[in-house]
Amino acid sequence: MNVLLIGSGGREHALALALRASPLLGELHAAPGNPGIAQVARLAALDAADHAAVIAFCKAHDIGLVVVGPEAPLVAGLTDDLAAAGVPVFGPSKIAAQLEGSKGYTKDLCRDCAIPTADYERFRDASAAKAYARGRGAPIVVKADGLAAGKGVVVAQTLAEAEAAIDMMFGGAFGAAGAEVVVEDVLEGEEASFFALCDGERAIPFASAQDHKRVGEGDTGPNTGGMGAYSPAPVMSEEIVARVMREIVEPAIAGMKARGAPYRGVLFVGLMIGAQGPKLIEFNARFGDPETQVMLPRLDVDLLPLLLASAKGDLRGAQVRLKPQAALTVVYAAKGYPDAPEKGGVIGNLAAAAAQPGVVVTHAGTKREGEALVAHGGRVLNVTALGEDVADAQAKAYAALGLIEFPGGFYRRDIGWRAIARK
Ligand code: AMP
Ligand code: GLY
């Protein structure tokens, strides 16, 4: 079967490697891809926003499955147009992708389906939002309703901070994404990410992970897309996973079906695990980045039939099996990330790092310039290692990282600290 993969990050490189390993795979195409993905797929100069062009490409190349990596094409309805053209596609429809595209939509689903989450209200004007925040008291969380590239959440420690965030969002800092704002209570506990594959009717557990969102060591400084991750998340015990499936994932799948928006694809469940058990922070409608880079190396079954079964709406009998090992990934970012990443830094000696046993190097923001590989984005590379446990995976990942020459880059030296401190 020929597959078209949409996206260009480390997540998509990890997906490309897992798909490449499938005995069912024919040709693998990627749009737009990156220099790492180009080693295992043919890159197509396709604009994912041009749905007619994507459909024409699929027909011309006999594509049996489209795998959508990032959220933007999902929220834009690429899945709907491909499905209408008869092309199977892994990822939710435009309306189902509202689980990521609108925080208010998700909060209302939680309310209707009794999914545990922070108490909240939705607002379309600043004065009502501020009055509600004053009524609840600080600390309090202010969120832009729509997609804001991971920057649309302010956990305000004081009411003044909350009011400033409300003004900033209604003032247009996130454009239309901030036309509506959710104000919600702060959840206490330990964060974890959980992923389930869904077919519109049912969901099966995929894997858990924890990422490090802050740019600085000790989880300090501004938020990023993620500076590293590991899988499994130690806090996601079998009992917690069972509760997440029963109390959050299954009611959400049933609720979406009842709303006429059956959810297919992967459901990314952002959780706070506190004294009363798991509560939902947010859903995303796609795999995580860099969580995918640590989950897929642990997968002990063929990924392609799982994604196809989800796309075709029938996961009955499908099974996810994971290796007992842990995986850890470290992001090698360009200096200045996340505010102003430097472009053009030259990268060397990747082959030596990738040759280490149990190590996989995936590309995110890289570009070929003649013979050279250079930085072309904030998060540039991921170095992932499999190990007996998180500490072993961490040692292997950092040993491989040390071999890479990238003077224009930096990475955190403490990825995995929480999991290791637990032991
Ligand atoms: P989100 O974009 O929804 O993932 O939010 C970004 C980050 O804000 C999350 O990873 C949490 O660390 C934090 N956050 C969001 N909502 C809450 C909440 N209700 N309580 C505590 N922290 C939160
Ligand atoms: N690493 C968080 C995300 O993919 O949204």
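Would you confirm whether any residue within segment 124-142 is in a loop (DSSP other than H, G, I, E, B), within 11 Å of ligand 1 (Cβ to nearest atom) and open to solvent by 70 Å² or more (accessible area, probe 1.4 Å)? Show your work before the answer.
At the first step, the residues of segment 124-142 found to be in a loop (DSSP other than H, G, I, E, B) are 124-125, 137-139.
Next cut, within 11 Å of ligand 1 (Cβ to nearest atom) only: 139.
Imposing the further condition that a residue be open to solvent by 70 Å² or more (accessible area, probe 1.4 Å) reduces the set to none.
No, segment 124-142 has no match at all.
Out of curiosity, is residue 143 within 16 Å of ligand 2 (Cβ to nearest atom) and either among the basic types (Lys, Arg) or out of contact with any helix residue (DSSP H, G or I) (no Cβ under 7 Å at 6 or more places or on another chain) (or both)? The answer is yes for residue 143.
The residues in segment 276-285 that are modelled with pLDDT of 95 or more and open to solvent by 20 Å² or more (accessible area, probe 1.4 Å) can be counted, and the count is 3.
The single condition among (1) within 16 Å of ligand 1 (Cβ to nearest atom); (2) open to solvent by 60 Å² or more (accessible area, probe 1.4 Å); (3) without any contact (Cβ under 8 Å) to a residue 12 or more places away in the chain that residue 221 does not satisfy is (2). In segment 1-26, the residues that are within 15 Å of residue 292 (Cβ to Cβ) and open to solvent by 20 Å² or more (accessible area, probe 1.4 Å) reach residues that are of a type in the set (S, T, N, Q) and assigned to a loop (DSSP other than H, G, I, E, B) with C-beta atoms within less than 6 angstrom, at least six apart or across chains, in these pairs: 8/34.
Just a yes or no: is a residue in segment 232-255 under 29 Å from residue 10 (Cα atoms), in contact with a strand residue (DSSP E or B) (Cβ under 7 Å, 6 or more places away or on another chain) and of a type in the set (S, T, N, Q)? Scanning segment 232-255 turns up no residue that is under 29 Å from residue 10 (Cα atoms), in contact with a strand residue (DSSP E or B) (Cβ under 7 Å, 6 or more places away or on another chain) and of a type in the set (S, T, N, Q). Only one entry in 5, 17 is part of a strand (DSSP E or B) and more than 16 Å from ligand 2 (Cβ to nearest atom), namely 5.
For residues that are among the charged types (D, E, K, R) and closer than 21 Å to residue 247 by Cβ, scanning just segment 110-123, find the one that is most open to solvent (accessible area, probe 1.4 Å). Looking at residues that are among the charged types (D, E, K, R) and closer than 21 Å to residue 247 by Cβ, I get 111. The residue that is farthest from residue 384 (Cα to Cα), among those in segment 228-246 that are within 18 Å of the chain's Cα centre (by Cα) and open to solvent by 10 Å² or more (accessible area, probe 1.4 Å), is 236.
In a residue-by-residue description of segment 385-406, the property of being of a type in the set (Phe, Trp, Tyr) and in a loop (DSSP other than H, G, I, E, B) applies to at least one position.
When 266, 294, 249, 301 are checked against the criterion of being away from ligand 2 (no atom under 14 Å from the Cβ) and open to solvent by less than 10 Å² (accessible area, probe 1.4 Å), a single residue qualifies: 249. For segment 143-162, filtering for residues that are closer than 18 Å to residue 189 by Cα, within 11 Å of ligand 1 (Cβ to nearest atom) and either touching a Lys or Arg at 6+ places or on another chain (Cβ under 6 Å) or open to solvent by 70 Å² or more (accessible area, probe 1.4 Å) (or both) leaves 2.
When 327, 333, 352 are checked against the criterion of being of a type in the set (A, V, I, L, M), buried (at least 20 other Cβ atoms within 10 Å of the Cβ) and more than 30 Å from residue 143 (Cβ to Cβ), 327 stands alone in meeting it. Taking the criterion of being within 12 Å of ligand 1 (Cβ to nearest atom) and part of a helix (DSSP H, G or I), the only residue of segment 166-186 that qualifies is 177.
Applying the condition of being on the phi > 0 side of the Ramachandran plot and within 16 Å of ligand 2 (Cβ to nearest atom) to segment 146-196 and asking which residue is modelled with the lowest pLDDT yields 150. Summed over segment 20-42, residues that are under 17 Å from residue 69 (Cα atoms) and part of a helix (DSSP H, G or I) total 3. Close Cβ contacts (under 9 Å, 6 or more residues apart or on different chains) running from residues in segment 309-332 that are at positive phi to residues that are of a type in the set (Lys, Arg) comprise 313/264.
The values are calculated or read from the model by the stated rules, or taken from the named source; none is laboratory data. Keep in mind that this is a model prediction, so the values were computed, not measured. FYI the Cβ positions are ideal-geometry reconstructions off the backbone, even for glycines, and counts take in every protein chain you see. Each accessible area value is taken on the protein alone, full model and side chains, heavy atoms only, with ligands, DNA and RNA left out. Shrake-Rupley method; radii C 1.70, N 1.55, O 1.52, S 1.80 Å.
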